[in-house]
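One structure is given below, encoded as structure tokens.
The values are calculated or read from the model by the stated rules, or taken from the named source; none is laboratory data. All of these numbers come straight from a predicted model, not from anything done at the bench. For neighbour counting, all protein chains shown are included, and Cβ atoms are generated from backbone atoms with ideal geometry for every residue, glycine included.
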Amino acid sequence: MAKKKSDTPAKATAKSGSKSGGGKKGGAGDGNGSSQLPLSSGDSVQPIQLQEEMERSFLDYAISTIMSRALPDVRDGLKPVHRRIIWDMDQQGFRPDRPYVKCARVTGDTMARYHPHGDGAIYDALVRMAQPFSLRHPLIDFHGNYGSPDFGPAASRYTEARLH
């Protein structure tokens, strides 16, 4: 009986024509495993060089990434990570009239809710917003060692912050 069960799927596959290439040719959902959509009237397929397409696509992606993430916005001078930290701290109530909270908590909350890219980038951005030698007007009131131009800050578990 076990032999008969293993033979049945092979016979069904051979009848469907998927191994021999038989059956309908065509668009998506025709059951033969094709993932191409049918062309509309007037459309044509133009061959392109893979290297040229990869160069163009990578350049477009790189410029888009730099413009949207790496360069500060001209309106306020903030990057998306800075904006997310400030928003999360405001939503959590870490305001100037409240006690300081551990930077590890701010970093973890921001990473969990708005910026799932690792805690290192979030903590570095948080510290930078507190350093008077990095920004003319610090946005974060920091309690602990936020570093110097020559040395880095203490770990997030040893420092505390709130909005300025």
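For this structure, a couple of remarks:
- Among (1) touching a strand residue (DSSP E or B) at 6+ places or on another chain (Cβ under 6 Å); (2) farther than 15 Å from residue 162 by Cα, the one test that residue 118 misses: (1)
- Which listed residue is assigned to a helix (DSSP H, G or I) and surrounded by 10 or more Cβ atoms within 10 Å (Cβ to Cβ), from 134, 64, 148: 64
- Subset of the range 126-154 (residues that are touching a residue at least 12 places away in the same chain (Cβ under 8 Å), of a type in the set (Gly, Ala, Ser) and within 21 Å of residue 99 (Cα to Cα)): 130, 144
- Test: residue in the range 103-119 that is basic (Lys, Arg) and closer than 24 Å to residue 136 by Cβ: no
- A search for C-beta distances below 7 Å between a residue of the range 50-68 that is farther than 22 Å from residue 83 by Cβ and any residue that is modelled with pLDDT under 90 and not in a helix (DSSP H, G or I), counting only pairs 6+ apart in sequence or on different chains, returns nothing.
- Each residue in the range 84-99 was checked for being touching a residue at least 24 places away in the same chain (Cβ under 8 Å), surrounded by fewer than 15 Cβ atoms within 10 Å (Cβ to Cβ) and out of contact with any helix residue (DSSP H, G or I) (no Cβ under 9 Å at 6 or more places or on another chain), and 4 pass.
- For residue 2: the one exception among (1) modelled with pLDDT of 70 or more; (2) more than 30 Å from residue 119 (Cβ to Cβ); (3) among the hydrophobic types (A, V, I, L, M, F, W, C): (1)
- Filtered residues of the range 85-119 (kept if in a helix (DSSP H, G or I) and within 15 Å of the chain's Cα centre (by Cα)): 110, 111, 112, 113, 119
- In the range 114-125, the residues that are touching a residue at least 24 places away in the same chain (Cβ under 8 Å) and small (Gly, Ala, Ser): 121, 125
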